[in-house]
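The structure appears below as structure tokens.
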Amino acid sequence: MYMSEDTELRIAGIEEESFVDGPGIRFAVFTQGCSHHCPECHNPETHAFGKGRVETAESLLKMIDSNPLLTGVTLSGGDPMEQAVQLLPFAHGVKMRGLNLIIYTGYCYEMLVSKFAHPAMKELLCYADILVDGPYMKDLRDLSLTFRGSSNQRIIDVQKSLVEGKVVLHKMQVEEMKLKMGDLGGSDG
Ligand code: SF4
């Protein structure tokens, strides 16, 4: 596990109105730095630590406050979990505004809740509504998947998972699985 020792929040970029990084209209922050180095990653420019530009929670929240149309915020990368310490004030601000928070990470949920995870990673996870977890695996690439690149990656309902003590897939992935199996009935909404 790598955790950035940089005390500044480094980001590779921002999409102020994204329609592809989760449901609704989202403010997407792409963090700088990733230690996973997944083969054929689509964002290799985000891997290096110490690059990108510096932002603060306040500056990002100010941008969010200027757009009343936003329905959520997505943290992607890079890997946001590598800067969990720096992201905590931002995640707190996002939830204080009643916005839905999605986090993409190359780590698996099980690692993030284990004793091997940095405490800040667990804390950041607790702010999330949805976690899209696991590394991108080029051999499992699937363009038909909802909001993720390879079939090993899961869309996890974080709050239900924390309560139940095990991974609970988000209804978006459950619906996708039903559709793939040709079972169009029995939706849980
Ligand atoms: S975790 Fe994401 S950003 Fe990092 S190497 Fe894998 S696909 Fe690229």
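The values are calculated or read from the model by the stated rules, or taken from the named source; none is laboratory data. In this text the structure is predicted, and so the values were computed from the model without any measurement. Every residue, glycine as well, gets a Cβ built from its backbone with ideal geometry; the counts of neighbours run over all protein chains shown.
So which residues in segment 93-108 are within 19 Å of GLY33 (Cα to Cα) and crowded, with 19+ Cβ neighbours inside 10 Å? Residues satisfying the conditions are ILE102, ILE103, TYR104, THR105, GLY106, TYR107.
All conditions in (1) among the hydrophobic types (A, V, I, L, M, F, W, C); (2) touching a residue at least 60 places away in the same chain (Cβ under 8 Å); (3) touching a Phe, Trp or Tyr at 6+ places or on another chain (Cβ under 6 Å) hold for LEU9, with the sole exception of (3). For segment 19-77, residues that are surrounded by fewer than 19 Cβ atoms within 10 Å (Cβ to Cβ), in contact with a His (Cβ under 7 Å, 6 or more places away or on another chain) and within 21 Å of THR7 (Cα to Cα) total 0. Scan segment 129-140 and tell me whether some residue there is within 16 Å of the ligand (Cβ to nearest atom), over 18 Å from MET81 (Cα atoms) and in contact (Cβ under 8 Å) with a residue 24 or more places away in the chain. Within segment 129-140 (the criterion being within 16 Å of the ligand (Cβ to nearest atom), over 18 Å from MET81 (Cα atoms) and in contact (Cβ under 8 Å) with a residue 24 or more places away in the chain), the answer is yes, since at least one residue qualifies. Restrict the check to segment 76-86 and report whether at least one residue is modelled with pLDDT of 95 or more, more than 22 Å from ASN43 (Cα to Cα) and polar (S, T, N, Q). No: zero hits. Being touching a helix residue (DSSP H, G or I) at 6+ places or on another chain (Cβ under 7 Å), farther than 23 Å from SER4 by Cβ and in contact (Cβ under 8 Å) with a residue 12 or more places away in the chain is a property that VAL168 has.
The set of residues in segment 96-140 that are more than 20 Å from MET63 (Cβ to Cβ), of a type in the set (A, V, I, L, M) and more than 11 Å from the chain's Cα centre (by Cα) comprises MET111, LEU112, VAL113, ALA117, ALA120, MET121, MET137, LEU140.
This table checks each residue for (1) within 25 Å of ASN43 (Cβ to Cβ); (2) surrounded by fewer than 15 Cβ atoms within 10 Å (Cβ to Cβ); (3) among the basic types (Lys, Arg); (4) modelled with pLDDT of 95 or more.
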site	(1), (2), (3), (4)
GLY134	yes, no, no, yes
ARG141	yes, yes, yes, yes
SER150	yes, no, no, yes
VAL158	yes, no, no, yes
GLY165	no, yes, no, yes
HIS170	yes, no, no, yes
LYS178	no, no, yes, no
GLY185	no, yes, no, no
GLY189	no, yes, no, no
